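Here the structure is laid out as structure tokens; the discussion comes afterwards.
All of the numbers you see were taken from the coordinates with simple rules; none came from a lab. Values in this document were obtained by computation on a predicted structure and should not be read as measured data. Here the Cβ positions follow ideal geometry from the backbone for every residue, glycine too, while neighbour counts run over all protein chains shown.
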Amino acid sequence: MADDISDLRLLTQIVAAGSLTAAAERLESSLPAVSRRLASLERRLGVRLIDRHARKFQLTEEGGLLHDRALRIVADVDEAEAEASSSSSEAAGTLRIGAPLQIGRERIAPLIAQFALTHPKVHIDLILTDADMDVFEEDLDIMLRLRMPRAPNVVVRKILSGRRVVCASPAYLARHGEPKRPEDLHDHNCLTLIRGRRKHDDWQFVENGEPREIRVQGNMSTTSSDVIYAWMLAGHGLGLKVLWDIEEDLRQGRLLECLAAYACDVSDLYASYAFRRYVPSRMRVFLDFIAENLNPR
């Protein structure tokens with residue numbers, strides 16, 4: 001029975017990943033091993049589940065029917081296990097957590113190390129990326145992200161709030177001067193983030209109680225918040241960062257805040273997870289731990 005459930009779970013993971021290769025990477029397995037397990041399941045059932053001749057990844061009709069049923073079965077099994085563990089005082093099992101790159105590396109990762117010391121039976125996989133993630137597509141237990149998740153059937157909890165600040169290195173400001181008002185940004189090299197096909201070059205401010213939007217420009221943009229951070233430290237331009245990412249740099253003088261009187265907008269960090277009747281104790285304990293310890297320094 002356990003092997004049957006494992007095979008069904010494998011099928012759902014292959015479909016979620018979108019290819020055998022991607023599934024092997026997520027499972028930390030090899031492509032031949034995943035292919036063998038899939039072939040073994042197909043032989044046992046006597047049907048093809050995936051169309052090997054299609055140009056894109058595609059389930060056969062039988063594969064689609066089995067996948068629909070497998071999703072329900074795996075969900076039921078997970079819920080039964082969660083129900084059993086929800087009454088347990090000891091957290092155990094695997095947690096797959098996604099987080100943005102910079103706060104994930106600097107704040108989440110050290111907290112996970114602390115959490116692991118007191119909960120040695122919990123195995124945590126930390127996935128760091130600035131790309132938008134989906135709890136279901138990425139097979140995540142908990143997703144931490146800077147925007148409110150819009151997906152249906154997820155539970156959302158706000159973990160942290162912080163204002164965005166415009167800042168630059170002392171070297172950059174010595175060369176180019178400090179902007180005194182938001183419109184002065186038009187005379188500066190502003191480093192901007194790219195999300196999908198959109199460049200985030202509309203920076204928000206408040207002046208005399210009224211919101212203002214300044215369209216900034218510069219010669220360097222990237223999809224990585226870590227790269228923006230490195231460019232700022234190297235003196236290449238002004239950047240817009242959440243305070244929790246650069247508090248230590250401000251204290252040490254590696255970066256200087258600009259336009260503080262114009263109060264940039266606020267960014268929130270949310271934790272989300274798929275709705276379920278019974279939340280495993282490892283998830284509940286971890287979420288409480290992060291909410292309690294991931295506070296502004």
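Numbers at a glance
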read-out	value
Computed FRET value (nearest 0.05) for E207 with A75, which takes r as the C-beta separation and R₀ as 35 Å	0.10
Reach of K241 by Cα under 23 Å, taken over lysines that are not fewer than 8 positions away in the same chain	K158, K180, K199
At R0 = 25 Å, FRET efficiency that the Cβ-Cβ distance of A174 and E257 yields, to 0.05	0.95
The chain, helix-only ellipticity at 222 nm - DSSP H runs n ≥ 4, -39,500 (n - 2.57), divided by all residues, nearest 500	-12000 deg cm²/dmol
Relative contact order [Cα under 8 Å, 6+ residues apart], region 162-267, whole percent	48 percent
Calculated FRET efficiency for the pair D134/A109, C-beta based, R₀ 22 Å, to 0.05	0.50
Cα extents of region 2-86 along the three principal axes, largest first (Å)	44, 27, 21
Loop-located chymotrypsin sites (Phe, Trp or Tyr not before Pro) in region 230-297 whose Cβ has at most 12 other Cβ within 10 Å (DSSP)	F275
Difference of contour (0.36 nm per residue) and Cα-Cα distance, D187 to A39	47.1 nm
C-alpha center-to-center spacing [region 261-276, region 1-46] in angstrom	36 Å
The chain: relative contact order as a whole-number percent, Cα under 8 Å and 6+ apart	23 percent
